[in-house]
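Worksheet for the structure shown next.
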Amino acid sequence: DAKTTQPPSMDCAEGRAANLPCNHSTISGNEYVYWYRQIHSQGPQYIIHGLKNNETNEMASLIITEDRKSSTLILPHATLRDTAVYYCIVRVAGNAGNMLTFGGGTRLMVKP
Amino acid sequence: GAVVSQHPSWVICKSGTSVKIECRSLDFQATTMFWYRQFPKQSLMLMATSNEGSKATYEQGVEKDKFLINHASLTLSTLTVTSAHPEDSSFYICSARGPGGEDYGYTFGSGTRLTVV
């Protein structure tokens, strides 16, 4: 699976959009970009994933650059409860049995 | 949606004793489950892959005789930390690949915080 690079930490004001970047310059054509987050002392929670098109769900939007070498997770209106570590993971989808490999992630602090 | 239940959520045990952690897929069958360990302020590290009906596959550096994994059914995997020592104190998290085709369904348990005193 391709390696990802994320900033170790970011701050965001409550109510503003949080934009979390991820670099995955070695991504292969059949690898998807997944985002998970981990709130303190809990298990990771799935947020969103995509291949090359931008994706949006009730939690967030995922913007993937045209060359697919980077992506941005957008939380449109961050709340205090969005304070967590956000992990960007790149892997081949539909590969039964393959585990998720977690990097360092970005620690997002949403401030009042 | 898919739910993975992990029990207990926290446990304190004496050094030298064994602790069992259970991971259950509540509304789906999981032929494969994963066990992770997370030390404070660090990321999740995969310990082993648990396959129903067969031996678990351990990551390099993880002692299989110390961390016993049993995946006897399609809904239950257990991790037993044998002869626990203070350095085994950590946050243990299980994960199961959810049902359906596209795998957004890597569902995680809520984790077990183990403290060995």
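Only the coordinates and a few stated rules stand behind these numbers; no lab work does. None of these values were measured; they are calculated from a predicted model. Every residue, glycine among them, receives a Cβ derived from its backbone with ideal geometry; neighbour counts consider all protein chains shown.
A few points about this structure:
- Equivalent ellipsoid semi-axes, chain A, via Cα gyration tensor eigenvalues times 5, rooted, Å: 23, 15, 12
- Cβ-based net charge around B:Ser89, under 11 Å, with every Lys or Arg adding one and every Asp or Glu removing one: 0
- In terms of its C-alpha gyration tensor, chain B comes out prolate, because a/c is 1.5 or above and the ratio a/b outweighs b/c.
- Those lysines that a straight Cα-Cα span of less than 25 Å connects to B:Lys14, excepting residues fewer than 8 apart in one chain: B:Lys41, B:Lys64, B:Lys66
- Angstrom value of the Kirkwood radius, inverse mean 1/r, which spans all Cα pairs in region A:46-112: 13.4
- Note on A:Ala13 and B:Met45: the model spin-label points, each 7 Å out from Cα along the C-beta direction, lie 4.0 nm apart.
- Rounded if a/c under 1.5, otherwise prolate or oblate - region B:1-52, Cα gyration tensor axes: prolate
- Rounded Å value of the spacing that divides the Cα centres of region A:23-59 and region B:24-64: 20
- Length gained when the stretch B:Ser18-B:Thr31 is fully extended (0.36 nm per residue, less Cα-Cα span): 2.1 nm
- All Cα pairs of the protein assembly as shown, percent lying beyond 28 Å: 31
- From phi via Karplus (6.51, -1.76, 1.60), per-residue ³J(HN,Hα) for region A:99-111 in Hz, x at Gly/Pro: 7, 8, 9, 9, x, x, x, 10, 8, 8, 10, 8, 10
- Taking chain B as a Gaussian network of alpha-carbon nodes connected by springs under 10 Å, the highest mean-square fluctuation of the residues B:Cys94, B:Cys13, B:Cys23 belongs to B:Cys13.
- Between A:Thr83 and A:Val110, the built amide H atoms are under 5 Å apart, and every one of these is 5 or more places off in sequence or on another chain.
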